[in-house]
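S.K.: Mind looking over this structure? Questions follow.
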Amino acid sequence: MASHAFAQRSAPQWLLYAVPATCLSASYLIYKHRRTLYAWAYQLIAKVPSPAGMAYISGNFAPVADELLEELEIVGGKLPEGLDGCYVRIGPNPFFKPVAGYHWFDGDGMLHLVRLRNGKATYCNRFIETERLKQEREVGRPLFVRIGDLYGLRGLALVLLVRLGKAVGIFEYWKGIGTANTALVYHAGRLLALNEGDLPYGVRISCNGLAETMGRLLMKESWSNNFTAHPKLDPENGELLFIGYKLDTKPYLSAGIMDVYGNLVRQWNIDIPRPVMIHDMGATERHLLILDMPLCFDPEAMVKENIMPIKFRKELPTRIGLLRRDQPSCPEGFADVQWFKIPVPGFLVFHVSTSWEEPNGDVKIYVCQMDDFDMSLDGMKHSEVGFLTEYTLSPSTGVAKRRRMSMVQGDFPVINPSKATRKCKWSWMAVFDKSTGPSIMNGLAKMDLEAAPGTDACVAMIKYPPGVTGGEAVFVPRTGATVEDDGYLVVYVYDSKADMSYMNIYNALTMSPTPVASLRMPRRVPYGFHGTWVTEEQLKKQVMWV
């Protein structure tokens, strides 16, 4: 009787199947929509009522959403004869509106290029189709953590959320998480878009000036690091010299060389004591120059001090290392590096102008040195800007000497690319507007790297008209030039009064403030980072693979 009564009280037969089926269905739906659920959780944690860094998505920092391909009008001067090729500049342009604070380094990479051919000009802008952007577009929301998110306990919670997302396959980290928003280099038939948090992305430019992302660069399995935003191209043998750093696991720093065909022919691991951000490097005929700066990865400070996890610790020394280019590869172990320790307080270098070797064996490197720096979202507006500084390293004595070359405040230095890794005389840099903060550039300065001690290296300056600002200029040698500084400075400028952008071409030899030619853009071009000039010959030699 008892068993009969229990059978009468037992669940209906259909329920025995319905419950597991419901659980399976729910699990399937959760799995199917896991990215959307993750993105919702990310936004819930990251969102703040009064986000910082909003200055970098307003004014001419503000992103543009459209992608254009249009002919340009020449509104001043005339295009120089023989100046055929393509000026390409890249910068951050967030596809999705930030949900937390915004850092200028966060935005998705966008190309702005002008194709010059037979006296005509065409403008094109395109997002770099990174794996990161593709995955976020599929969901319609941000998936990957950004620098502007990483503050305090909220930042720690987001880091833990990311680890959970990786563990359950929310996103495909192994495909790369970089933004390709920082710089460009043409090498081995490929225009590479660079960001130091990932490998490069190949870009192809068609004859009419249309840009197309080809994909993420394929590297040898032995290379397990990222790829610098500032590799150095040796014009003598076509080699591309580069470094890569990471902040989570050793080796923190690696270096390598690609031959003229794009093959990785040498690679080294470099022993540094702590994970640091190393944005640039130097290269000479025989050496790579490694800048071990005290811009340290410090997640503990993120939580305890409610700051970003990357902190400038000026109480630590700065080191410059010489790594011989002919040293055998060492994918295991560490390379031999001769370090030159610079006494405290430490300093910071984001950009190197150039470097070379003197006949007596000394190595010269010219950098834009900052004695203080705040990488926080709003702190960048008040950080100290760079001063052109010369370092002389003596391998025979182990002594390093320093000389400040100019009192002009500037950064984004460039040289005639044919002089890279060899001795040169001239460098040009963007000049900062002291009244508005270090992110606004209102001119270009010409620097004499052979200036006598006690004299200012700045020999000429182009000042933009009131209300006009710019950024880094690219040096393009003039066809048939016989002297190093005979060429053009190509730069995007922004007229705040008209809310309009222009591509200006200046005479680098005379430094006349009147542009050789000025082309009106179809609409505003946001401030960006670095650019390059791709010659007509290079455009014709582009390959179809990465």
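S.K.: What is the residue count in the range 212-253 for residues that are of a type in the set (A, V, I, L, M, F, W, C), open to solvent by 60 Å² or more (accessible area, probe 1.4 Å) and part of a strand (DSSP E or B)?
M.R.: Within the range 212-253, residues that are of a type in the set (A, V, I, L, M, F, W, C), open to solvent by 60 Å² or more (accessible area, probe 1.4 Å) and part of a strand (DSSP E or B) number 1.
S.K.: Mind listing whichever residues of the range 421-453 are touching a residue at least 40 places away in the same chain (Cβ under 8 Å), open to solvent by 20 Å² or more (accessible area, probe 1.4 Å), closer than 30 Å to THR535 by Cβ and not in a strand (DSSP E or B)?
M.R.: ARG422, LYS423, LYS425
S.K.: Considering (1) open to solvent by 50 Å² or more (accessible area, probe 1.4 Å); (2) within 30 Å of PRO526 (Cβ to Cβ); (3) at pLDDT 75 or above, say which one LEU37 fails and leave the rest.
M.R.: Only one criterion is unmet by LEU37, namely (2).
S.K.: Of the conditions (1) closer than 19 Å to ARG126 by Cβ; (2) at pLDDT 95 or above; (3) open to solvent by 10 Å² or more (accessible area, probe 1.4 Å); (4) outside any strand (DSSP E or B), GLY209 clears all except one; give me its number.
M.R.: (3)
S.K.: Give, as residue ranges, the strands (runs of 3 or more DSSP E) completely inside the range 54-168 that count at least 1 residues that are modelled with pLDDT of 95 or more, surrounded by 21 or more Cβ atoms within 10 Å (Cβ to Cβ) and touching a Lys or Arg at 6+ places or on another chain (Cβ under 9 Å).
M.R.: On the way: elements: 69-71, 73-77, 85-92, 109-117, 120-127.
Here the list reads 85-92, 109-117, 120-127.
S.K.: State which residue pairs qualify: first residue touching a residue at least 12 places away in the same chain (Cβ under 8 Å) and buried (at least 17 other Cβ atoms within 10 Å of the Cβ) and inside the range 470-488, second residue among the aromatic types (Phe, Trp, Tyr) and in a loop (DSSP other than H, G, I, E, B) in any location, beta carbons under 8 Å apart, and separation of 6 or more residues or different chains.
M.R.: Filtered contacts from the range 470-488: GLY470/TYR464; GLY471/TYR527; GLY471/PHE529; GLU472/PHE529.
S.K.: List every residue pair whose Cβ atoms lie under 6 Å apart, where the two residues are 6 or more positions apart in sequence or sit on different chains, the first residue falls within the range 196-219 and is on the phi > 0 side of the Ramachandran plot, and the second residue, located anywhere, is hydrophobic (A, V, I, L, M, F, W, C).
M.R.: Hits for this filter: GLY209/CYS124; GLY215/VAL546.
S.K.: Also, quick follow-up: Of the numbered conditions (1) in contact (Cβ under 8 Å) with a residue 24 or more places away in the chain; (2) buried (at least 19 other Cβ atoms within 10 Å of the Cβ); (3) under 22 Å from CYS458 (Cβ atoms), ALA400 fails exactly one; give the number of that condition.
M.R.: The single condition ALA400 does not satisfy is (3).
S.K.: Those residues that are part of a loop (DSSP other than H, G, I, E, B) and of a type in the set (Gly, Ala, Ser), I need them from the range 382-402; list them, please.
M.R.: To start, the set of residues in the range 382-402 that are part of a loop (DSSP other than H, G, I, E, B) comprises 383-386, 395-398.
Hits for the range 382-402 are SER383, GLY386, SER396, GLY398.
The values are calculated or read from the model by the stated rules, or taken from the named source; none is laboratory data. The structure displayed is predicted, hence computed values, not measured ones. Cβ atoms come from the backbone with ideal geometry, glycine included; neighbour counts cover every protein chain shown. The area values use the complete protein model at the heavy-atom level, side chains included, leaving out ligands, DNA and RNA. Shrake-Rupley method; radii C 1.70, N 1.55, O 1.52, S 1.80 Å.
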